[in-house]
1. Does the stretch 268-325 hold any residues that are surrounded by 12 or more Cβ atoms within 10 Å (Cβ to Cβ), of a type in the set (Asp, Glu) and within 25 Å of ILE244 (Cβ to Cβ), and which are they?
2. Looking at ALA130, ALA99, can you tell me which residue is closer than 17 Å to PRO241 by Cα and either out of contact with any strand residue (DSSP E or B) (no Cβ under 7 Å at 6 or more places or on another chain) or open to solvent by less than 50 Å² (accessible area, probe 1.4 Å) (or both)?
3. Out of all the residues in the stretch 171-193, which are over 27 Å from GLU222 (Cα atoms) and surrounded by fewer than 21 Cβ atoms within 10 Å (Cβ to Cβ)?
4. Consider the stretch 171-196. How many of its residues are in a helix (DSSP H, G or I) and of a type outside the set (D, E, K, R)?
5. Only residues that are over 16 Å from PRO192 (Cβ atoms) and in contact with a helix residue (DSSP H, G or I) (Cβ under 7 Å, 6 or more places away or on another chain): list them for the stretch 230-241, please.
6. What pairs come out if I take residues in the stretch 105-116 that are within 23 Å of ILE159 (Cβ to Cβ) and in contact (Cβ under 8 Å) with a residue 12 or more places away in the chain and pair them with residues that are in a loop (DSSP other than H, G, I, E, B) and open to solvent by less than 10 Å² (accessible area, probe 1.4 Å) whose C-beta lies under 6 Å away, six or more apart or interchain?
7. Mind counting the residues in the stretch 101-128 that are farther than 15 Å from LEU176 by Cα and part of a loop (DSSP other than H, G, I, E, B)?
8. Considering only the stretch 273-299, state which residues are small (Gly, Ala, Ser) and under 30 Å from GLU127 (Cβ atoms).
Amino acid sequence: MAQMTMIQAITDAMRVELKNDENVLVFGEDVGNNGGVFRATEGLQKEFGVDRVFDTPLAESGIGGLAIGLAFTGFRPVMEIQFFGFIYEVIDSVSGQLARMQFRSAGRFNAPVTIRSPFGGGVATPEMHADSLEGLVASQPGIKVVIPSTPYDAKGLLISAIRDENPVVFLEHMKLYRSFRQEVPEEEYTIPLGKADVKREGTDLTIVTYGAMVHESLKAAEELEKEGISLEVIDLRTIQPLDIETIIASVEKTNRAIVVQEAQKQAGIAANVVAEITERAILSLEAPVLRVTAPDTIYPFAQGENAWLPGVKDIIETAKKVLTF
């Protein structure tokens, strides 16, 4: 089994699907000969040709319109938005058109479009490149939103996303692209969308999280284990739809929970997770469900982002607050 970084696993997933289905097309800004700003599509144009892996103009709205037209004519587009902070330029195509297609046509048309995009902080990008805007699209009915935290999950989830008959926003945290390697099967495999993964089992408190915060939460769990505190860490993997069953089963076991996200408290999906827990499992709770998030401010310049982003210390402090309630 090969050792891959997340970016290599993502490239491999697209290679698998380009081989499997001649209707799969990969396009976006600089994804062709250049291989993408992070090299996620490196080598794919050379292997599959300029008709299937190609560059677009620097116009996100045009990329979205192209994906809509191709989906209507039988193709399975995989479009790249170079940074998710630019999603505003294409939001009508995503939320106003693709998300509504199946409902609008009474099920006669689907929109099998995968929208890949990097996001997330901690890598000193310029302004508007690091924002966690997943809550913006997760609030739109008709769209699935996937955020992997490991190379293995990234490959299996991206193959599932490309094969899905409905639009899927696939968000890739930039800090995780090359931060570690993991064994990833070279053959094809899928991970079902909408299914969370218990990354660490525990008995005293449940952490519900996703993306880069999965790794911060696992570090916090290791630290608290030294004090005899057992944390269960749930990686949502898909934030829309939520795997409510896994979340509630864990809360009913530990009776306490916190939700950790990189996005600001007013954004992201933590508030939705808290609401679902209180609606469905309030009688199992022995303390309020608290959140660990970034502050409700504009994302700071690179010099200040490490102080702004939530981390291990914040997670430990919040977990202890809930445990001693």
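1. Passing the criteria: only GLU276.
2. Working: ALA130 fails: closer than 17 Å to PRO241 by Cα.
After applying the criteria, what remains is ALA99.
3. Scanning the stretch 171-193 gives PRO185, GLU186, GLU187, GLU188, TYR189, THR190, PRO192.
4. The initial filter retains those residues of the stretch 171-196 that are in a helix (DSSP H, G or I), namely 174-176.
Restricting the remaining residues to those that are of a type outside the set (D, E, K, R) gives 174, 176.
So the count comes out to 2.
5. Here is the first cut: in the stretch 230-241, the residues over 16 Å from PRO192 (Cβ atoms) are 230-233.
LEU231, GLU232, VAL233, listed by residue number.
6. Qualifying pairs under 6 Å: ALA111/PRO167; VAL113/PRO167.
7. 12
8. Step one: filter the stretch 273-299 for residues small (Gly, Ala, Ser), giving 275, 281, 284, 287, 294.
Residue satisfying the conditions is ALA294 alone.
The values are calculated or read from the model by the stated rules, or taken from the named source; none is laboratory data. Keep in mind it's a predicted model, so treat the numbers as computed, not measured. Neighbour counts run over all protein chains shown; Cβ positions are idealised from the backbone, glycine included. In case anyone asks, the SASA skips ligands and DNA or RNA and just uses the protein heavy atoms, side chains included. Shrake-Rupley method; radii C 1.70, N 1.55, O 1.52, S 1.80 Å.
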